[in-house]
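Peer 1: Sending over a structure as structure tokens; questions will come in a sec.
What follows is calculated from the coordinates using simple rules that are stated; it is not laboratory data. A quick note: this is a predicted structure, and the numbers were derived from the prediction, not measured. We place every Cβ from the backbone using ideal geometry, glycine too, and count neighbours over all the protein chains shown.
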Amino acid sequence: MKTYLVTGGAGFIGSNYINYMFKKYGNDIRIINVDVLTYAGNLENLRDVEGRDNYTFIRADICDREAIDKIFAENDIDRVVHFAAESHVDRSITNPEVFVKTNVLGTATMLNAARKAWENEDGTYKEGKKFLHVSTDEVYGSLDEDPNAFFYETTPYSPHSPYSASKASSDMLVKAYMDTYKFPANITNCSNNYGPYQFPEKLIPLIIHNALEGKKLPVYGDGKNVRDWLYVEDHAKAIDMVQEKGRLFETYNVGGHNEKQNIEIVKTIIDTLREELDDSDPRKEHLTYDLITYVTDRKGHDRRYAIAPDKIKAEIGWEPETMFKDGIKKTIKWYFENQEWMDHVTSGDYEKYYEKMYSNR
Ligand code: NAD
Ligand code: TYD
């Protein structure tokens with residue numbers, strides 16, 4: 001049975017990945033979730049897996065070398081899937097240092113701990129050990145509006161925000177470990193994810209939340225920046241497929257042909273929520289395009305991201321399965337039906353949930 005060490009498993013993508021892996025493999029794998037629970041970590045996302053004998057949660061900081069070494073010493077880890085990071089561009093603009101600490105130093109700590117645990121005396125590695133570093137397409141910088149321009153694995157790095165610069169640095173460290181120590185790893189660079197359990201600081205859940213509260217819907221700049229949206233479960237599947245079928249030491253870009261302008265997304269959310277709300281619901285009257293408010297643009301705002309997922313398709317057979325028009329409806333419906341989750345997140349109640357669940361452990 002393989003043992004996975006997942007970092008950042010209480011966050012948006014990490015929790016979707018853990019839920020996906022248990023749905024796929026059931027009792028055939030073991031997962032240890034290591035998360036320090038920042039504002040973005042929420043164990044309520046993992047309610048469905050909490051009672052499992054083959055799931056363990058450990059609250060620890062990926063920068064804490066002793067704590068991470070101890071986890072490797074006490075468990076025979078086969079796979080690391082490294083999600084833990086500070087992930088929000090706007091926060092990186094106001095407070096860059098914590099991004100460097102978590103994303104760069106934290107990744108260095110994870111690499112070092114895994115290498116120490118896995119390396120044989122002759123510099124080879126124990127059979128079957130693999131590290132997957134989860135990264136972003138934002139490391140490649142920004143594309144112009146030419147619809148034939150895409151990010152490829154060979155595109156030079158050109159990060160602009162402190163977030164993407166810190167992720168680019170962490171990618172470089174992983175590359176350095178692979179080149180220098182033949183460390184068994186892969187990097188995946190993924191486009192913008194959407195789906196359940198995303199913290200409402202990111203565009204889609206923020207707009208859904210504000211729309212249901214009748215608040216203004218802030219659109220940065222002219223609203224025409226483009227992101228390439230990927231349904232989070234498709235990303236989870238890609239990560240698993242890269243670890244199972246990918247060539248070691250390779251980078252795979254994950255995303256694909258779901259490019260949308262921000263303003264289109266905001267309008268789709270309004271339209272879809274209006275369909276969900278009963279005519280008698282007082283929120284419906286106010287939920288119109290009038291809520292859209294153009295606000296000052298983000299500093300250094302990247303214009304367009306778009307991935308051509310040719311390599312992962314050709315080598316591994318992965319391609320996105322969820323059409324944006326279906327995925328966005330499913331996502332909006334999920335937030336609509338899980339307003340209690342949103343209430344807990346926005347009120348900070350999920351910290352109380354942690355106390356309740358873990359105070360005696
Ligand atoms: P998130 O902010 O929702 O979750 C991050 C998780 O990491 C949280 O649970 C947080 O508590 C944990 N964490 C933060 N600092 C930590 C530390 N020092 N030690 C231990 N745990 C810590 O992020 P996300 O959107 O789920 O992104 C996960 C990964 O995927 C990140 O590496 C991000 O760069 C990458 N990524 C995200 C997207 C996206 O659209 N969200 C796209 C491409 C790549
Ligand atoms: P975001 O979800 O923060 O992801 P990223 O910056 O990593 O792509 O933002 C997605 C896009 O939406 C980005 O172009 C910025 C824009 N945006 C808004 O227009 N308004 C908002 O309130 C937010 C959070 C983002």
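Peer 1: Only bridges with both residues in the chain count here: give the DSSP antiparallel percent, nearest 5. Walk me through the numbers before you get to the answer.
Peer 2: Working: 5 of 42 bridges.
Percentage antiparallel, nearest 5: 10.
Peer 1: Turning to a different aspect of this structure: Report the calculated FRET efficiency for Asp76 and Asn120 (r = Cβ-Cβ distance, R0 = 25 Å), to the nearest 0.05. Let's see the in-between values first.
Peer 2: On the way: r = 14 Å, r/R0 = 0.58.
Rounded to the nearest 0.05, the efficiency is 0.95.
Peer 1: ³J(HN,Hα) across region 81-93 via Karplus (A = 6.51, B = -1.76, C = 1.60, θ = phi - 60°), whole Hz, x for Gly/Pro?
Peer 2: With the stated coefficients, region 81-93 comes to 10, 9, 9, 3, 5, 7, 10, 9, 4, 4, 5, 5, 6 Hz.
Peer 1: Which whole-number percentage describes the relative contact order of region 43-108, with Cα contacts under 8 Å and a sequence gap of 6 or more?
Peer 2: On the way: 28 pairs, mean separation 22.9, N = 66.
That works out to 35 percent.
Peer 1: To continue, here is another question. Restrict the search to region 314-349; then list the GluC sites (Glu not before Pro) that DSSP places in a loop and that have at most 11 other Cβ atoms within 10 Å of their Cβ.
Peer 2: Numbers: sites: Glu315, Glu321, Glu337, Glu340; in loops: Glu321.
Of the GluC sites (Glu not before Pro), the ones in loops of region 314-349 whose Cβ has at most 11 other Cβ atoms within 10 Å are Glu321.
Peer 1: Under the definition of Cα pairs under 8 Å and six or more residues apart, what whole-number percent is the relative contact order of region 208-336?
Peer 2: Values: 163 pairs, mean separation 55.9, N = 129.
Computed over region 208-336, the figure is 43 percent.
Peer 1: Below 8 Å, C-alpha to C-alpha, sequence gap of six or more: please give me the relative contact order for the chain in percent.
Peer 2: Working: 642 pairs, mean separation 64.1, N = 361.
Computed value for the chain: 18 percent relative contact order.
Peer 1: Give me the extension gain from Ile93 to Asp179: residue separation times 0.36 nm, minus the current Cα-Cα distance, reported in nm with one decimal. Write out the running numbers ahead of the final one.
Peer 2: Details: separation 86, 0.36 × 86 = 30.96 nm, distance 3.16 nm.
Fully extending the segment from Ile93 to Asp179 adds 27.8 nm.
Peer 1: Let me ask another. For region 1-119, with equal point scatterers placed on the C-alpha atoms only and solvent neglected, what are the log10 I(q)/I(0) values from the Debye formula at q = 0.12, 0.18, 0.19 1/Å, to two decimals?
Peer 2: These q points yield log10 I(q)/I(0) values of -0.42, -0.91, -1.00.
Peer 1: Right, something else. Using a 7 Å offset from the Cα along the Cα-to-Cβ direction at both Glu50 and Trp334, what is the distance between the two label points in nm, to one decimal?
Peer 2: My value for the distance between the label points is 1.9 nm.
Peer 1: Hand me the GluC sites (Glu not before Pro) from region 185-252 located in a DSSP loop with no more than 16 other Cβ atoms within 10 Å, in residue order please.
Peer 2: Details: sites: Glu201, Glu213, Glu233, Glu244, Glu250; in loops: Glu201, Glu250.
In loop regions of region 185-252 (DSSP not H, G, I, E or B), the sparsely surrounded GluC sites (Glu not before Pro) are Glu201.
Peer 1: State the answer as a single residue: which of Gly41, Ala236, Ile71 lies farthest towards the positive end of the charge dipole of region 2-358, with beta carbon charges of +1 for Lys and Arg and -1 for Asp and Glu, about the Cα centre.
Peer 2: The Cα lying farthest towards the positive end belongs to Ile71.
Peer 1: Mind listing the long-range amide H neighbours of Gly256? Cut-off is under 5 Å, sequence gap 5 or more, other chains count too, H placed in the peptide plane at 1.01 Å from N.
Peer 2: Under 5 Å from the amide H of Gly256 lie the amide H atoms of Ile307, each far enough along the sequence or on another chain.
Peer 1: How high is the FRET efficiency from Val295 to Asp271, r the C-beta distance, R0 22 Å, rounded to 0.05? Let's see the in-between values first.
Peer 2: Details: r = 21 Å, r/R0 = 0.97.
E between Val295 and Asp271, to the nearest 0.05, is 0.55.
Peer 1: Follow-up. Can you compute the modelled spin-label distance between Tyr39 and Thr154, with each label point 7 Å from Cα toward Cβ, in nm?
Peer 2: Taking the two extended label points, one gets 4.2 nm.
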